[in-house]
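Engineer: Below you'll find the structure I mean.
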Amino acid sequence: MSDLRNLPSVDKLLNRASASALIAEYGRPLTLEALRATLEAARTAFKNTQQIPTETEIFQQAETQLQKWTAPTLHPVINASGVIVHTNLGRAPLSNAAMKAASEAALGYSNLEYDLAKGQRGSRLLHAEEMLVRLTGAEAALVVNNNAAAVLLALTALAKRRRALIARTQLVEIGGGFRIPDVMAQSGAKLIEIGATNRVHLSDYQQAIDEQPIALVMRAHRSNFAIVGFHTEPELPEICTVAHAAGLPVVDDLGSGTLIDTAPYGLGHEPTVQESLAAGADLVTFSGDKLLGGPQAGILVGRADLIAKLKKHPLARALRADKLALAALSATLLHYLKDEAIREIPVWQMIAAPEKELHTRILGWIAALGVGVAIPGESTVGGGSLPGQVLPTWLLALPNSRPVKLLKQLRESHPPVIARIQDDRVVLDPRTILPEQDEILLQAILGIFNANAAN
Ligand SMILES: *Cc1c(COP(=O)(O)O)cnc(C)c1O
């Protein structure tokens, strides 16, 4: 007998063991809401179907709803793309020590802003500062939320309602809509653009400085593209000489920034933080989670008087770094101090991974899978560093007549696998896959191939 009156009430459902199980898992208010929503949907459907669901069906639907409402939106993925610092995939994976430091800071109290020697309020700014000073040779350092914040703070504190000089060769968009000129405008600094898109001369700097009062000279790393062909641009030491002669500070946004030279690893040269400071930059800004290989952070190093001014600015409070990030950053910096960065920091392990090792790993995968071939390919560093530069790698190419479908299936597996298509084949780069993920990766691929074979 199909009659809406036979639909159980919420109260009746709540007395069932199935309801208790859902309440234990999801809590009472959410379970109640899911049951009400399921009953409401059943009443609506009844108008068309003249059918009412069984209690079992109601509980199943409610559970599906509860799973949907409570599923995390942020989950781990396997990065098989070969892009080491992949902004869409969360940039740098942390070292074990950095992860442990963050987790300790997260689980308990810490002396974040407490001076243990004096028994009074201290400063959160001191935690990574000493190590940054030691590593870079700068007079002082400051850590904020990210590099965009570092640039914003520097320009606001030093050039608000005044003029900041920048070459047109450097008015870049980094990605995600971050444009250097927009951030400069946001700071309240008036942008004075000099030179042409492809060519800037030292005389352009000199002329602009002679013509009007300027607060600072800015330089931004081009990050994600290279200018080839008819191009010229003064080097940082020359820019600093001209700026300093006029008493102006130079702020160098290095973007990724690196403390280690990338050249020995078969890559081009990425300017290091130490080089920028040695070239005369008064403030250098860079990210914590690009080539540094740590947590999201914006790092400023340079002249003590300028850093002091930045620390005192009200914006510094709004842009401050979080304690978990500070803990992880300090642990990451410690790897550099102890000369173990290449060994301990995942980003550097990936950069330094020997081709032969990557090849051997793929042969192991092929043996386990019973399918696929190893083909030579290229990995990239990403993260706005080393544009156009690649690392030779080995790729696992999977046999498939429908690569777009396979790519999607990999994306939809648990955990999702982010691969790419090259020459009509789905390829996976072992360089960016953490060794401990090998097993689940192989399970995911086998699962997909078995399911496709069964269909
Ligand atoms: C990446 C980048 C930024 C932004 O850094 P975030 O840490 O993502 O805020 C700024 N400037 C340059 C040149 C960059 O490459």
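Engineer: For residues that are of a type in the set (Asp, Glu) and either touching a helix residue (DSSP H, G or I) at 6+ places or on another chain (Cβ under 7 Å) or closer than 13 Å to Arg36 by Cβ (or both), tally how many sit in region 10-26.
Structural biologist: Residues that pass the stated criteria total 1.
Engineer: Hey, another quick one. Does Ala154 fit the bill of being within 12 Å of the ligand (Cβ to nearest atom), assigned by TED's automatic domain parsing to the domain that holds Asp305 and not acidic (Asp, Glu)?
Structural biologist: In short, yes.
Engineer: Of the conditions (1) more than 16 Å from the ligand (Cβ to nearest atom); (2) closer than 17 Å to Arg168 by Cα, Phe225 clears all except one; give me its number.
Structural biologist: Here Phe225 clears every test but (1).
Engineer: Here's something else I'd like to know. Applying the selection to region 219-235, what residues are surrounded by 21 or more Cβ atoms within 10 Å (Cβ to Cβ) and either more than 31 Å from the chain's Cα centre (by Cα) or of a type in the set (A, V, I, L, M, F, W, C) (or both)?
Structural biologist: Matches in region 219-235: Ala220 only.
Engineer: Conditions first: (1) more than 13 Å from the ligand (Cβ to nearest atom); (2) touching a residue at least 60 places away in the same chain (Cβ under 8 Å); (3) farther than 11 Å from Ala154 by Cα. Phe286 passes all but one, so which condition is the exception?
Structural biologist: (1)
Engineer: Quick one: which helices (runs of 4 or more DSSP H) sit completely within region 351-455 and have at least 2 residues that are β-branched (Val, Ile, Thr)?
Structural biologist: Hits in region 351-455: 355-369, 438-454.
Engineer: With of a type in the set (D, E, K, R), at pLDDT 95 or above and under 14 Å from Asn6 (Cβ atoms) as the only criterion, which of Glu40, Glu57 stands out?
Structural biologist: Glu57
Engineer: I'm trying to understand the selection: among the residues of region 143-179, which are over 19 Å from Leu216 (Cα atoms) and touching a residue at least 60 places away in the same chain (Cβ under 8 Å)?
Structural biologist: Correct list: Val143, Val144, Asn145, Asn146, Ile174, Gly175, Gly176.
Engineer: Could you tell me whether any residue of region 325-347 is buried (at least 19 other Cβ atoms within 10 Å of the Cβ), among the acidic types (Asp, Glu) and part of a helix (DSSP H, G or I)?
Structural biologist: Taking every residue of region 325-347 in turn, at least one turns out to be buried (at least 19 other Cβ atoms within 10 Å of the Cβ), among the acidic types (Asp, Glu) and part of a helix (DSSP H, G or I).
Engineer: Can you say whether Leu125 is surrounded by 14 or more Cβ atoms within 10 Å (Cβ to Cβ), part of a helix (DSSP H, G or I) and at pLDDT below 95, as far as the supplied structure shows?
Structural biologist: yes
Engineer: Given the criterion without any contact (Cβ under 8 Å) to a residue 24 or more places away in the chain and in contact with a Lys or Arg (Cβ under 8 Å, 6 or more places away or on another chain), identify the matching residue among Leu358, Leu407, Leu398, Leu391.
Structural biologist: Exactly one residue qualifies, and that residue is Leu407.
Engineer: For region 275-312: of the residues being assigned to a strand (DSSP E or B) and of a type in the set (Gly, Ala, Ser), which is farthest from Leu329 (Cα to Cα)?
Structural biologist: Within region 275-312, the match that is farthest from Leu329 (Cα to Cα) is Gly302.
Engineer: Can you tell which of Ala140, Ala92 is in contact with a Lys or Arg (Cβ under 9 Å, 6 or more places away or on another chain), modelled with pLDDT of 95 or more and within 30 Å of Trp365 (Cβ to Cβ)?
Structural biologist: Ala92
Engineer: Looking only at region 163-203, count every residue that is surrounded by 15 or more Cβ atoms within 10 Å (Cβ to Cβ), farther than 25 Å from Ala226 by Cα and more than 15 Å from the ligand (Cβ to nearest atom) and tell me the total.
Structural biologist: The number of residues fulfilling the criteria is 3.
Engineer: Count, please, the residues in region 236-277 that happen to be crowded, with 17+ Cβ neighbours inside 10 Å and either more than 23 Å from Thr87 (Cβ to Cβ) or of a type in the set (A, V, I, L, M, F, W, C) (or both).
Structural biologist: Residues flagged as crowded, with 17+ Cβ neighbours inside 10 Å and either more than 23 Å from Thr87 (Cβ to Cβ) or of a type in the set (A, V, I, L, M, F, W, C) (or both) within region 236-277 amount to 17.
Engineer: Would you mind finding the one in Ala117, Ala106 that is assigned to a loop (DSSP other than H, G, I, E, B) and aliphatic (A, V, I, L, M)?
Structural biologist: Ala117
Engineer: Is it true that some residue in region 295-308 is within 16 Å of the ligand (Cβ to nearest atom), at pLDDT 95 or above, under 18 Å from the mean Cα position of the chain (by Cα) and over 22 Å from Arg219 (Cβ atoms)?
Structural biologist: yes
Engineer: Now for a different question. Taking into account only those residues within region 128-151 that are part of a helix (DSSP H, G or I) and within 10 Å of the ligand (Cβ to nearest atom), which is nearest to Asp204 (Cα to Cα)?
Structural biologist: Val151
Engineer: Pick out the one residue from Ala105, Ala117 that is under 26 Å from Leu300 (Cα atoms) and assigned by TED's automatic domain parsing to the domain that holds Thr258.
Structural biologist: Testing whether each residue is under 26 Å from Leu300 (Cα atoms) and assigned by TED's automatic domain parsing to the domain that holds Thr258 leaves just Ala105.
Engineer: Across region 152-172, what is the number of residues that are outside any loop (DSSP other than H, G, I, E, B) and over 25 Å from the mean Cα position of the chain (by Cα)?
Structural biologist: Count: 10.
The values are calculated or read from the model by the stated rules, or taken from the named source; none is laboratory data. As the structure is a computational prediction, the values presented were derived from the model and not from experiment. Positions of Cβ are backbone-derived with ideal geometry, glycine not excepted, and every protein chain shown enters the neighbour counts.
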